Amino acid sequence: MTAISQIERPAGAAAPMSLVGLTRPELADALRTIEIPERDIKMRVAQLWHWIYFQGAREFDQMLNVSKVQRARLAEHFTLARPEVTSQQVSSDGTRKWLIRMPPVDAKDKGAEIECVYIPESDRGTLCVSSQVGCTLTCTFCHTGTQKLVRNLTSREIVQQLVVARDMIGDFPGMTPPTDGLLPSGEGVRAVSNIVFMGMGEPLFNIDNVGAAIDVLSDGDGLSLSKRRITVSTSGVVPEIPPLGERAGTMLAISLHAVRDDLRDTLVPLNKKYPIDELLDACRNYPGLSNARRITFEYVMLKGVNDSPAEARELVRLLKGIPAKINLIPFNPWPGTKYECSDWDTIERFSDIVFNAGYASPVRTPRGRDILAACGQLKSETEKVRARARLMDE
Ligand code: SAH
Ligand code: SF4
């Protein structure tokens, strides 16, 4: 559980606290600080919840079922401010990448910039959210892993990514969607219908905040995303996999990327701690696993490294008995990487072996490549600006 103290504004800071992104218990605590009587707390939380998360309200005065006096009181102490979007890039394929500036969470924090990517398709819209600023792990093919600055995002900051995304694509009642770029269409299709924790960071190193955020995202009176449409991707933090299933009950994705421990040790160094057989055991026992709720295994295609037909066959053998989907991800290169993406023929050969073993359409189409928005390319702008400044100093 995120303590309210984590989200209180730092001493001396002028801005009142925003209520956007808080969990129900945090909202209740916030209301207690302005001495709302205990007997009214539940009702007030329910009202605020509806306005903040269902309606996307930006002003307390929109909350017509809250008395004028109460609205004024709320406005005196709190805001409905969102974190600032410092840049938006729209790809030629409709993918949008936002750089979001999070205000400091405590007196020591300087604030953080994180990236969040929206991927529209004809029948769905997927938001790829970050769970940490940077990542403490150092997977050798991942750009995020090279970022120095690391901290956990609070549950509030995780939820705010969805609120900001819905603001930006006009997805709250009464808003007008933007005219540039694609949005999914069709009866009952929501502009953001799915969430994947595949942005910056390792979500299972931040399970308390990720779990609390999932409670907010999936709450049926507010943002109302089905847990079957929320996927948490992990590089393999084995001890946290059962708690994720029990606590959050979301879909699980595993960044496997290799079928032998010696290779996985170099690609995903966490493998030295939790090797493949332990990881797959945790998968077999994932709560709620069934043919209708499969685990996604992600496999990044690295030229001459992990892409042979023998490895494809071994992948199929390893996953036998686990209700699984396989996602082959063409490697997304980034400046300075030593890896290359496998040739298309090699990917097809690999994919055919996997397909013939009964796994459907496994290659993930790269999206938003022109704006460096693809998996593993997210790295905060602050970091890049600092690197540029360092170069100029030299
Ligand atoms: N830390 C978590 C979630 C974020 S990474 C994890 O590792 O699962 C999301 C996905 O992008 C992971 O499968 C990761 O291995 C993959 N990825 C990282 N860098 C990549 C790159 N350069 N090209 C393609 N996929 C990449
Ligand atoms: Fe971290 Fe995931 Fe990147 Fe590995 S792949 S460095 S776990 S974000």
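The values are calculated or read from the model by the stated rules, or taken from the named source; none is laboratory data. Values in this document were obtained by computation on a predicted structure and should not be read as measured data. When we count neighbours, we look across all protein chains shown, and the Cβ atoms used for this are built from the backbone with ideal geometry, even at glycine.
General remarks:
- Strands (runs of 3 or more DSSP E) (entirely within the stretch 192-303) containing at least 3 residues that are β-branched (Val, Ile, Thr) and either within 16 Å of ligand 2 (Cβ to nearest atom) or modelled with pLDDT of 95 or more (or both): 230-234, 295-301
Quick grid of which residues meet (1) among the basic types (Lys, Arg); (2) surrounded by fewer than 22 Cβ atoms within 10 Å (Cβ to Cβ); (3) within 16 Å of ligand 2 (Cβ to nearest atom):
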residue: Val129; (1), (2), (3): no, no, yes
residue: Leu137; (1), (2), (3): no, yes, yes
residue: Leu149; (1), (2), (3): no, yes, yes
residue: Arg156; (1), (2), (3): yes, no, no
residue: Leu162; (1), (2), (3): no, no, no
residue: Phe172; (1), (2), (3): no, yes, no
residue: Met175; (1), (2), (3): no, yes, no
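- Reported count of residues in the stretch 137-156, each being in a loop (DSSP other than H, G, I, E, B), within 13 Å of ligand 1 (Cβ to nearest atom) and hydroxyl-bearing (Ser, Thr, Tyr), is 2.
- With a requirement of 2 or more residues that are in the same structural domain as Asp109 (by TED's automatic domain parsing), at pLDDT 95 or above and touching a Cys at 6+ places or on another chain (Cβ under 7 Å), none of the helices (runs of 4 or more DSSP H) lying completely within the stretch 1-87 satisfies it.
- If you go through the stretch 181-216 and keep only what is within 14 Å of ligand 1 (Cβ to nearest atom) and farther than 17 Å from Arg151 by Cα, you end up with Ile195, Val196.
- Filter result for Gly134 (assigned by TED's automatic domain parsing to the domain that holds Met198, within 16 Å of ligand 1 (Cβ to nearest atom) and not acidic (Asp, Glu)): yes
- Residue tally, condition in contact with an Asp or Glu (Cβ under 6 Å, 6 or more places away or on another chain) and either over 30 Å from Pro287 (Cα atoms) or in a helix (DSSP H, G or I) (or both), over the stretch 308-349: 2
- Evaluation of Gly174 against the conditions (1) of a type outside the set (Lys, Arg); (2) touching a helix residue (DSSP H, G or I) at 6+ places or on another chain (Cβ under 9 Å); (3) part of a loop (DSSP other than H, G, I, E, B) shows that the sole unmet condition is (2).
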